Protein chains: 2
Amino acid sequence: MTMAKAWHLMQRPKGLPTHDDVALKEVALPELTDGMIHVRNRWLSVDPYMRARMDESESYFESFQLDRPMDGGAVGEVVASKADGFAPGDMVLHFAGWRDEAIIPAQGVHKLPELGVEPFHFLANLGLTGGTAYFGLMDVASAKEGDVVFVSAAAGAVGSAVVQLAKAKGMTVIGSAGGPEKCEFVRSLNADACVDYKAGPVLNSLKSALKEVGTKGIDVYFDNVGRDHLDAAFAVAKQEARFAECGMIDGYNHEDPYAYRYIMYIIGKRLRLKGFIFTDYQERMGEFYAAMAPLIQSGQVKSRETVMDGLDQAFDAFLGLFSGANTGKMLVRL
Amino acid sequence: MTMAKAWHLMQRPKGLPTHDDVALKEVALPELTDGMIHVRNRWLSVDPYMRARMDESESYFESFQLDRPMDGGAVGEVVASKADGFAPGDMVLHFAGWRDEAIIPAQGVHKLPELGVEPFHFLANLGLTGGTAYFGLMDVASAKEGDVVFVSAAAGAVGSAVVQLAKAKGMTVIGSAGGPEKCEFVRSLNADACVDYKAGPVLNSLKSALKEVGTKGIDVYFDNVGRDHLDAAFAVAKQEARFAECGMIDGYNHEDPYAYRYIMYIIGKRLRLKGFIFTDYQERMGEFYAAMAPLIQSGQVKSRETVMDGLDQAFDAFLGLFSGANTGKMLVRL
């Protein structure tokens with residue numbers, strides 16, 4: 001019997017997860033039967049939305065089960081196959097992350113298309129990260145050339161893709177990030193201004209940023225954070241501004257709900273807020289690859305990763321998302 | 001010189017307005033010159049949005065000026081005219097409310113069309129009230145037959161129009177109102193259930209109402225209230241539910257911002273929130289009259305008014321909006 005190692009959720013976290021909530025345990029792999037492939041993971045994705053899956057949820061993400069392996073996006077190499085169209089050596093995108101090896105049904109596994117880019121991009125700007133940025137900005141927020149775009153967590157994976165996409169499409173971009181170094185990084189992506197949310201109240205800094213770029217308000221808010229960022233966006237939104245609600249990472253780990261001071265502006269400013277999830281757009285991946293791959297190849301959308309090595313590090317990599325340890329996409333290399 | 005009486009805003013209210021904030025004062029009317037008409041008001045509209053105009057606003061509604069007459073919707077009779085197309089005896093819809101008489105430019109004044117209904121309807125279901133209900137429900141919230149619709153302040157002017165419209169269009173409707181009598185009224189409008197928000201937490205009552213009508217969640221929320229109602233709507237929204245953000249009357253008079261516990265559901269449930277204002281739809285009034293007038297004539301959309309008599313009572317009528325003194329549209333008859 002082949003054994004693998006997999007991260008298990010052992011109890012549901014209260015607020016910020018800790019090592020007590022998880023365990024890296026051995027699991028027995030099933031038989032390699034017809035239609036299955038054996039994959040050795042090379043890259044694991046850790047993403048903020050996984051925090052929501054650790055809760056008992058009534059809604060969209062399937063909750064992780066207790067004392068069972070967690071899952072998530074991963075890129076791996078096929079080491080054995082009993083499925084048509086898959087052979088040893090193939091690189092594949094699949095959802096059996098948080099572990100080193102897996103035997104899984106070939107259905108739902110994607111062989112990486114040949115786009116002339118490194119495999120890890122399919123966990124980043126050609127995957128959930130870039131896809132979330134692309135569809136959130138262009139579809140959900142209906143962003144267009146000339147718009148003033150505010151994007152929170154702009155040094156993060158999705159945020160940095162949004163900044164670069166928006167600049168490539170001729171928009172004015174204000175990012176937010178925690179601390180001068182991250183803001184430096186955001187500006188290096190050609191953002192027109194950066195709000196350092198650790199330097200003072202977000203709304204004050206955002207107003208200064210608007211002055212700096214010579215405009216009075218925002219047309220688009222790409223929300224990765226919620227709470228004080230979202231409230232500040234209500235405050236400075238222009239008439240008919242559109243909010244792409246991608247994440248509220250700040251909310252995942254706060255037990256106390258946030259008191260919104262400017263939410264009433266939704267009415268008078270005719271704001272539109274829309275929540276979305278990348279997987280809603282699976283059937284439009286062709287459009288996305290066609291738009292994104294050239295921007296990656298031309299360098300207009302650069303990838304930046306924070307890489308941690310080894311399956312042992314996966315949980316710390318995940319925790320790092322909430323302490324701001326990552327710049328760009330957080331990845332685990334096996 | 002002809003004198004009139006007009007309500008003036010004397011200071012900006014903190015929270016709930018009081019009589020100290022306003023005064024009923026004499027004003028001199030201007031000369032009746034070319035292009036002007038002299039109107040004697042018969043009906044005045046008082047509406048929750050006027051509270052927002054009492055604040056110093058950066059946004060949409062023009063603020064009332066201090067120590068100046070306030071304005072608002074009114075129906076009056078022309079008593080003298082120097083404008084083409086207007087003659088003494090004409091009934092007109094105009095915006096010089098909060099007073100008994102006015103001399104105003106004929107431009108922007110609407111002669112009431114002959115739809116076989118009483119003049120006050122043009123301040124109610126054929127005016128701002130019904131129009132807000134119609135465009136909010138059908139356009140902003142994209143409501144359709146079979147949808148489950150939750151509407152707050154359902155015994156109020158806009159709310160009761162929403163209830164009846166939605167029922168006429170084949171939707172399931174849950175209203176909310178304060179106290180058993182108002183809920184009785186809401187049910188008399190054919191609402192399938194009514195949440196008495198004074199009887200306990202809105203979310204609990206809403207969940208009971210959903211059980212009562214045999215459904216698990218709402219497709220549409222028509223928001224007149226904000227705060228605990230809005231938060232409860234987040235909690236029970238179905239995937240892809242649409243929120244028409246019409247008003248947050250609860251917010252106008254609370255100094256403390258509300259802490260939203262379920263706002264994160266915007267993301268996972270892919271909710272869409274959109275703020276709107278009736279005046280955005282001026283160019284679609286023809287469509288609205290064509291849809292609404294038959295429903296009024298057939299009795300499918302009934303009008304209910306709370307009428308207070310005399311200009312002296314106008315401010316108390318307005319205050320009544322916030323204490324729940326009205327059932328249906330609050331009007332002042334002169």
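The values are calculated or read from the model by the stated rules, or taken from the named source; none is laboratory data. Since this is a predicted model, take the numbers as computed values, not measurements. Virtual Cβ from ideal backbone geometry, glycine too; neighbours counted across all protein chains shown.
Among the candidates B:Ala232, B:Ala244, which residue alone is within 20 Å of B:Thr132 (Cα to Cα) and surrounded by 21 or more Cβ atoms within 10 Å (Cβ to Cβ)?
On the way: B:Ala232 fails: within 20 Å of B:Thr132 (Cα to Cα).
On inspection, the qualifying residue turns out to be B:Ala244.
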Exercise for the section: Could you list, in sequence order, all residues of segment B:136-171 that are surrounded by fewer than 22 Cβ atoms within 10 Å (Cβ to Cβ) and not in a loop (DSSP other than H, G, I, E, B)? Expected result: B:Met138, B:Asp139, B:Lys167, B:Ala168
Fill in the blank from the handout: Screening B:Gly226, B:Gly170, B:Gly247, B:Gly178 for residues that are away from chain A (no Cβ under 14 Å), touching a residue at least 12 places away in the same chain (Cβ under 8 Å) and under 27 Å from B:Ala52 (Cβ atoms) leaves only B:Gly178
Problem - Complete set of residues in segment A:252-269 that are hydrophobic (A, V, I, L, M, F, W, C), surrounded by 22 or more Cβ atoms within 10 Å (Cβ to Cβ) and closer than 30 Å to A:Ser323 by Cα - result: A:Ile263
Problem - Qualifying residue in segment A:93-101 (condition: surrounded by fewer than 16 Cβ atoms within 10 Å (Cβ to Cβ), under 23 Å from A:Met330 (Cβ atoms) and within 20 Å of the chain's Cα centre (by Cα)) - result: yes
Completion exercise
Picked from segment A:127-153 (must be closer than 19 Å to A:Met50 by Cα and hydrophobic (A, V, I, L, M, F, W, C)), the residue modelled with the lowest pLDDT is A:Leu128
Practice task
Go through segment A:68-96 and count every residue that is closer than 21 Å to A:Leu115 by Cα and either free of Cβ contacts under 8 Å to residues at least 24 places away in the same chain or among the small types (Gly, Ala, Ser) (or both).
Solution key: 8
Exercise for the section: Name, by its number, the condition in (1) surrounded by fewer than 19 Cβ atoms within 10 Å (Cβ to Cβ); (2) charged (D, E, K, R); (3) within 14 Å of chain B (Cβ to nearest Cβ); (4) out of contact with any helix residue (DSSP H, G or I) (no Cβ under 8 Å at 6 or more places or on another chain) that does not hold for A:Arg272. Expected result: (1)
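For segment B:235-322, which fully contained strands (runs of 3 or more DSSP E) count at least 1 residues that are charged (D, E, K, R) and at pLDDT 95 or above? Break it down stepwise before answering.
Details: elements: B:237-245, B:258-260, B:272-275, B:305-309.
Because the criterion is at least 1 residues that are charged (D, E, K, R) and at pLDDT 95 or above, the strands (runs of 3 or more DSSP E) in segment B:235-322 that meet it are B:237-245, B:272-275, B:305-309.
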Practice task
For B:Pro88, work out the one condition from (1) touching a Ser or Thr at 6+ places or on another chain (Cβ under 7 Å); (2) under 21 Å from B:Ser45 (Cα atoms); (3) surrounded by fewer than 20 Cβ atoms within 10 Å (Cβ to Cβ) it doesn't fulfil.
Solution key: (2)
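Among the residues in segment B:39-48, are any in contact (Cβ under 8 Å) with a residue 40 or more places away in the chain, acidic (Asp, Glu), surrounded by 15 or more Cβ atoms within 10 Å (Cβ to Cβ) and not in a strand (DSSP E or B)?
Restricting attention to segment B:39-48, the residues satisfying the condition of being in contact (Cβ under 8 Å) with a residue 40 or more places away in the chain are B:39-48.
Filter once more, so that each one left must be acidic (Asp, Glu): B:47.
So of that shortlist, the ones also surrounded by 15 or more Cβ atoms within 10 Å (Cβ to Cβ) come out as B:47.
Cutting the leftovers down to not in a strand (DSSP E or B) gives us B:47.
Yes, segment B:39-48 has at least one match.
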Practice task
Could you please give the count of residues in segment A:1-32 that are touching a residue at least 60 places away in the same chain (Cβ under 8 Å) and either over 26 Å from the mean Cα position of the chain (by Cα) or surrounded by 13 or more Cβ atoms within 10 Å (Cβ to Cβ) (or both)?
Solution key: 16
Exercise for the section: Kindly check whether there is at least one residue in segment B:302-310 that is on the phi < 0 side of the Ramachandran plot, assigned by TED's automatic domain parsing to the domain that holds B:Ala23 and more than 19 Å from the chain's Cα centre (by Cα). Expected result: yes
Problem - Residue selected from segment A:275-303 under the condition closer than 23 Å to B:Arg270 by Cβ and β-branched (Val, Ile, Thr), by the criterion surrounded by the most Cβ atoms within 10 Å (Cβ to Cβ) - result: A:Ile277
Fill in the blank from the handout: Inside segment B:106-118, the number of residues satisfying the requirement of being at pLDDT below 90, under 30 Å from B:Val27 (Cβ atoms) and not in a strand (DSSP E or B) is 3
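Being assigned to a loop (DSSP other than H, G, I, E, B) and either surrounded by fewer than 24 Cβ atoms within 10 Å (Cβ to Cβ) or not assigned by TED's automatic domain parsing to the domain that holds B:Ala52 (or both) is true for just one of B:Gly175, B:Gly200. Which residue is that?
Working: B:Gly175 fails: assigned to a loop (DSSP other than H, G, I, E, B).
The match here is B:Gly200.
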